[in-house]
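Heads up: the structure comes next, in structure tokens.
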Amino acid sequence: MMRVNLLGGTAEHRVAVQKTKVAARRGQQLFMLASALVIFVLAIGIDHLWTNNAQAAAQAELTREEEEARKLEADIQRKNELEAELKQVDERIKVIKQLRAEQKGPVAMLSAINERMPGGQADFRLDQIVQKGSHLQIIGTSLSQQVIADFTRQLEFSNGLFSGLMLSIEGKEVKIDDVSDRADKKDPDKKETDKKDTGKKDSAAKDADKSAADVTRVFQFTIDCDYNKPRAEGDKPAPAPQGK
């Protein structure tokens, strides 16, 4: 009768199955490891490509921004140059206007004062005219307060050319000879014509009474006012439109 060792076969079968399982487990682990490595390499490659693309795009954007910045810098520099040129032109225009005003101002002012000075044989003299900005001070002398008042009134009613007038008068005693000198300086032609007669009269007066010193009263006046320069045609404001 044949005997079969079932226990021995079963043990070998178990060992073979166990070895197969171990080998399968190792193969599975190796496969998973290889898959992980492949995925890792693919991820690194994809990340590298994406990073390179992003860097290239950023570099292109940076280059474009730098180009625009250079253009803007050139535009700003050109703008500054134009502003500097415009400023120089404005300064030149301002200087020209100032020179024109300085040239026309005193001439027009003196002409306006001369037009309002008393005429005829009135004893009237201007000694000094001082201008500081728009403020004007007129200093002179006369033998008559009425003549001074008339001159001040002529300045006052000047259509706003002279405004804010303040008059001060001070009287003082002077020798008649000084008054005669004033008349001679005022009319030099008459002085030359009547030189001999005046000399005779002065000599006779001195011989008649050398000790007597005749005096007369002279009024010194000071007028403080504001001179309002007339505007040029281009500086006058445009008239307001009239409503229908």
Kindly establish whether Ile223 is within 30 Å of Lys97 (Cβ to Cβ) and either surrounded by 14 or more Cβ atoms within 10 Å (Cβ to Cβ) or at pLDDT 90 or above (or both).
yes
Long-range neighbours under 7 Å by Cβ, at least six apart or interchain, first residue at pLDDT below 85 within the stretch 112-131, second among the basic types (Lys, Arg) and in a strand (DSSP E or B):
none
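The rows are residues; the columns are (1) at pLDDT 80 or above; (2) aromatic (Phe, Trp, Tyr); (3) more than 51 Å from the chain's Cα centre (by Cα); (4) surrounded by 10 or more Cβ atoms within 10 Å (Cβ to Cβ).
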site	(1), (2), (3), (4)
Asn5	no, no, yes, no
Ala23	no, no, yes, yes
Met32	yes, no, yes, yes
Ala56	yes, no, no, yes
Arg78	yes, no, no, yes
Gln88	yes, no, no, yes
Within the stretch 163-181, count every residue that is in contact with a Phe, Trp or Tyr (Cβ under 6 Å, 6 or more places away or on another chain) and either at pLDDT 90 or above or acidic (Asp, Glu) (or both).
1
Looking at the stretch 108-157 only, could you name the residues that are polar (S, T, N, Q) and under 16 Å from Lys229 (Cβ atoms)?
Ser111, Gln131, Ser134
Of all residues making up the stretch 132-155, the number that are without any contact (Cβ under 8 Å) to a residue 12 or more places away in the chain and within 14 Å of Met109 (Cα to Cα)
2
Which condition breaks for Arg100 when tested against (1) under 32 Å from the mean Cα position of the chain (by Cα); (2) under 27 Å from Val218 (Cβ atoms); (3) modelled with pLDDT under 85; (4) exposed (fewer than 14 other Cβ atoms within 10 Å of the Cβ)?
(2)
The lone exception for Arg153 - which of (1) basic (Lys, Arg); (2) assigned to a helix (DSSP H, G or I); (3) modelled with pLDDT under 80 it fails
(3)
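The values are calculated or read from the model by the stated rules, or taken from the named source; none is laboratory data. If you're wondering where the values come from, they're calculated on a predicted model, not measured in any experiment. Note that each Cβ is placed from the backbone with ideal geometry, even for glycine, and that neighbours are counted across all protein chains shown.
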